[in-house]
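Accompanying notes for the structure given below.
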Amino acid sequence: MRPDPVDAVAPEPLSDHTKHPGRFGNRLFSGISLASGILILATLVAVAAFLLREALPAITSSTQDIADFTRGLSLGQYIAPLVFGTVLAAIIALVIAVPLSIAIALFIAHYAPKRLAGPVAYAIDLLAAIPSVVYGLWGFYWLVPLVGPFFDWVSTTFSFIPLLADYAPPAKNITSAAVVLAVMVLPIVTAVSREVFLQTPRLHIEASLALGATRWEVARMAILPFGRSGVISASMLGLGRALGETMAVLMILAPFAKGSSFFSWHILQSAQHQTIAANIAQQIREAHGLSVSVLIASGLALFAITLVVNMIARWIVSRRAAFSGAN
């Protein structure tokens, strides 16, 4: 005799939370992400609006109105040399720091023994924790006297190059400041580049080695092309640090004569350059009235430079990514 079929028991209806266990978390995360993105944009707009509002009196004033602060120069003639010095110091710093950072990152990521890679990475990361005023003291009391004889030799030997000619001690020049900036941006560029190089597919490296490539050829043909976008991004982060650095540069460069118009390419001469951030820090305590607006106008120029640099870097990275995807 066959047993009676067991009556099917209808399952209880699932609650909305049970049907979609991740719905609340997804909505919460989406809302937080959206709010964070809006907050960043709002902060950026607020900073730009503040700078523009405070700099407007200087922008709309005549040269005669701001003559006491700029010594007869127009606002553009006063800010332009500062922009020149800022960009020049940052470029020299990147020229020094980026090749060293790439070499250190390659060594730590792929070539150093594990016992050595950890301490070296830790020591490089530790450089980022040193305050900028300490770098300024180090540069003023140790680096400047040390590089003076070297700058003298370079200027004498390569005097036919205008860029390196006419050195006069002390070595409180834009090059000394750029060397300190290079040390300051080194841990940033190195850390980001190292993480990018570690993401290189292992199969790419092994395939290159299997084809008989040397270690340098592996780095040149497999690791560096894969991490190019990351290196560019790291360099732009370092550039941002170099453009905005204040105390270290101010402590090394000789005092900047107010309103002086220097577009000198002699990077070994003292008292020829000054950066926007260092100039603001030097002048702000004595500034009042319209002179404050002049300094804020120079800060607005620095803000615009940083924004343009980051936009260019973003375009380069996205163009590189699109090119890689097409191939």
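The values are calculated or read from the model by the stated rules, or taken from the named source; none is laboratory data. Being a predicted model, the structure only gives us computed values, none of them experimental. For neighbour counting, all protein chains shown are included, and Cβ atoms are generated from backbone atoms with ideal geometry for every residue, glycine included. Remember, those area values only see protein heavy atoms, side chains included, never the ligands or the DNA or RNA. Shrake-Rupley method; radii C 1.70, N 1.55, O 1.52, S 1.80 Å.
Restricting the first residue to region 198-218 and requiring it to be within 17 Å of Phe107 (Cα to Cα), which pairs with a second residue that is open to solvent by 40 Å² or more (accessible area, probe 1.4 Å) meet a Cβ separation below 6 Å and a spacing of at least six or different chains?
As it stands, the answer is Thr200/Phe226, since those pairs meet every condition given.
Mind listing whichever residues of region 192-209 are in a helix (DSSP H, G or I) and open to solvent by less than 40 Å² (accessible area, probe 1.4 Å)?
Applying the first criterion (in a helix (DSSP H, G or I)) to region 192-209 yields 192-198, 202-209.
If the condition is that a residue be in a helix (DSSP H, G or I) and open to solvent by less than 40 Å² (accessible area, probe 1.4 Å), then Ser193, Arg194, Val196, Phe197, Ile205, Ser208 are the ones that fit.
Do the conditions hold for Ser15, that is, is it of a type in the set (Ser, Thr, Tyr) and either at pLDDT 90 or above or open to solvent by 90 Å² or more (accessible area, probe 1.4 Å) (or both)? Reasoning before the result, please.
Details: of a type in the set (Ser, Thr, Tyr): yes; either at pLDDT 90 or above or open to solvent by 90 Å² or more (accessible area, probe 1.4 Å) (or both): no.
In short, no.
Tell me which residues, restricted to region 263-308, are within 16 Å of Ile92 (Cα to Cα), open to solvent by 10 Å² or more (accessible area, probe 1.4 Å) and hydrophobic (A, V, I, L, M, F, W, C).
The answer is Phe263, Trp265, Ile267.
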